[in-house]
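Read through the structure below, which is laid out as structure tokens, and then see the notes.
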Amino acid sequence: MTLEQDLTSALATFVAARSAGHPVLVASDFDGVLAPLLDDPSASAPTAAAAAALERLAALPQADVRLALVSGRDLATLAQLSGAPVGTSLVGSHGAEQGHVVAASADAGTETPGAAGTSSVERHPFALTTDERATLDGVRAGLEAVAAEAEGAWVEDKPSAAVLHTRRTEPGAAERAGDAARAVGARYGAHTMTGKDVVEIAVLDTSKGLALTRLRDELGAAAVLYMGDDVTDERAFEVLAPTDVTVKVGAGETAARFRVASVDEAAQVLATVADLLS
Ligand SMILES: O=P(O)(O)OC[C@H]1O[C@H](O[C@H]2O[C@H](CO)[C@@H](O)[C@H](O)[C@H]2O)[C@H](O)[C@@H](O)[C@@H]1O
């Protein structure tokens with residue numbers, strides 16, 4: 001598989017941007033980019049090619065490259081399903097949760113992400129206020145009532161959000177359920193995000209763009225590569241500079257500079273960056 005020449009050239013320029021104290025940041029969305037989309041979100045996993053490329057990037061000197069996953073998944077689920085290698089920064093719940101993967105011997109206050117138990121996640125403190133918790137309870141109950149009326153729909157719980165899933169719902173019913181879910185969000189003055197067969201209602205105002213900007217500043221990154229497939233990834237594409245490399249995976253309108261067709265090509269992008277840095 002060969003990437004288009006313009007993208008390959010942009011990746012070469014990207015890796016060349018690193019300098020002393022300023023690594024490049026390779027950041028990616030999870031579902032639909034590293035892991036193919038499935039009916040059952042608990043069964044998601046990176047493709048073998050994506051997992052291999054992540055391992056190669058994580059094994060390179062951190063002075064050259066830093067690795068991050070920026071996802072709508074809650075942090076614990078992201079860590080567990082992705083099996084992200086030690087050294088990877090993790091952003092979960094669209095930016096509400098943040099942490100990084102460390103070797104398993106780390107102190108208490110960590111969570112074990114992978115089945116192998118060789119790594120853990122050190123997470124930044126996270127807590128909702130009493131009011132936010134009450135709002136989230138109301139939102140969850142509202143979405144459960146919506147799901148009960150639409151065959152195949154169900155609700156995913158996250159620490160700061162609830163998500164109505166309609167991937168297994170007939171299209172007309174899914175649209176009506178989505179509208180009803182957005183009405184629940186409006187009723188509670190919460191933050192609504194619409195993604196692929198999901199409507200997420202969050203009690204915290206976050207975005208992947210804010211999270212990526214924060215990460216870039218923390219790491220002093222010289223340049224950023226970001227790959228995403230969904231509407232929520234557009235917030236990340238929009239905050240990056242024209243000199244950064246933004247890659248949309250699959251179809252749909254986008255602010256990204258480049259597009260690849262599939263998760264297989266997304267893995268190829270990561271492998272190409274690893275080749276260029278090796
Ligand atoms: O930001 P991401 O890493 O892309 O996470 C976005 C959402 O991913 C999950 O839902 C999506 O993937 C599911 C599994 O393939 C699929 O069934 C669903 O239709 C997709 O929208 C996850 O369940 C959500 O919580 C994430 O926000």
Those residues that are at pLDDT 95 or above and either part of a strand (DSSP E or B) or surrounded by 13 or more Cβ atoms within 10 Å (Cβ to Cβ) (or both), I need them from the range 104-132; list them, please. 128, 132
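Farther than 21 Å from residue 209 by Cα and either more than 9 Å from the ligand (Cβ to nearest atom) or not aromatic (Phe, Trp, Tyr) (or both): which single residue out of 3, 78, 90, 34 fits that description?
3
Out of 250, 209, 195, which single residue is more than 18 Å from residue 34 (Cα to Cα) and modelled with pLDDT of 95 or more? First the steps, then the outcome.
Details: 250 fails: more than 18 Å from residue 34 (Cα to Cα); 195 fails: more than 18 Å from residue 34 (Cα to Cα).
Going through 250, 209, 195 in turn, just one is more than 18 Å from residue 34 (Cα to Cα) and modelled with pLDDT of 95 or more: 209.
Counting only residues that are closer than 17 Å to residue 222 by Cα and open to solvent by 60 Å² or more (accessible area, probe 1.4 Å), which one in the range 45-65 is nearest to the ligand (Cβ to nearest atom)? Spell out the reasoning first.
Initially, the range 45-65 is screened for residues closer than 17 Å to residue 222 by Cα, giving 57, 60-65.
Those still in the list that are open to solvent by 60 Å² or more (accessible area, probe 1.4 Å) too: 61-63.
Numbers: 61: 27, 62: 23, 63: 28 Å.
Among those that are closer than 17 Å to residue 222 by Cα and open to solvent by 60 Å² or more (accessible area, probe 1.4 Å), it is 62.
Could you look through the range 70-104, keep only residues that are polar (S, T, N, Q) and out of contact with any Leu (no Cβ under 8 Å at 6 or more places or on another chain), and pick out the one that is nearest to residue 157 (Cα to Cα)?
Keep residues of the range 70-104 that are polar (S, T, N, Q), which gives 71, 77, 80, 82, 88-89, 93, 98.
Checking which are out of contact with any Leu (no Cβ under 8 Å at 6 or more places or on another chain) leaves us with 77, 80.
Details: 77: 11, 80: 16 Å.
That would be 77.
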Which condition number in (1) open to solvent by 10 Å² or more (accessible area, probe 1.4 Å); (2) closer than 16 Å to residue 91 by Cα; (3) touching a residue at least 40 places away in the same chain (Cβ under 8 Å) is the one that residue 217 fails? (3)
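Anything in the range 24-44 that is of a type in the set (Asp, Glu) and either surrounded by fewer than 18 Cβ atoms within 10 Å (Cβ to Cβ) or part of a loop (DSSP other than H, G, I, E, B) (or both)? List them, or say none. Walk me through how you get there before you give the answer.
Initially, the range 24-44 is screened for residues of a type in the set (Asp, Glu), giving 29, 31, 39-40.
29, 39, 40 - these are the residues of the range 24-44 that are of a type in the set (Asp, Glu) and either surrounded by fewer than 18 Cβ atoms within 10 Å (Cβ to Cβ) or part of a loop (DSSP other than H, G, I, E, B) (or both).
Among the residues of the range 228-235, is any charged (D, E, K, R), more than 15 Å from the ligand (Cβ to nearest atom) and outside any loop (DSSP other than H, G, I, E, B)?
Checked against the condition, which is being charged (D, E, K, R), more than 15 Å from the ligand (Cβ to nearest atom) and outside any loop (DSSP other than H, G, I, E, B), the range 228-235 yields no hits at all.
Would you confirm whether or not the range 162-173 contains a residue that is within 16 Å of the ligand (Cβ to nearest atom) and in contact with a His (Cβ under 9 Å, 6 or more places away or on another chain)?
Filtering the range 162-173 for residues within 16 Å of the ligand (Cβ to nearest atom) gives 162-171, 173.
Pick out the ones that are also in contact with a His (Cβ under 9 Å, 6 or more places away or on another chain) and you get none.
So far as the range 162-173 goes, no, none of its residues is within 16 Å of the ligand (Cβ to nearest atom) and in contact with a His (Cβ under 9 Å, 6 or more places away or on another chain).
The values are calculated or read from the model by the stated rules, or taken from the named source; none is laboratory data. This structure is a prediction, so every number in the text was calculated from the model and none was measured. Backbone-built Cβ (ideal geometry, glycine too); neighbour counts: all protein chains shown. Side chains included, ligands, DNA and RNA excluded: accessible areas come from the protein's heavy atoms. Shrake-Rupley method; radii C 1.70, N 1.55, O 1.52, S 1.80 Å.
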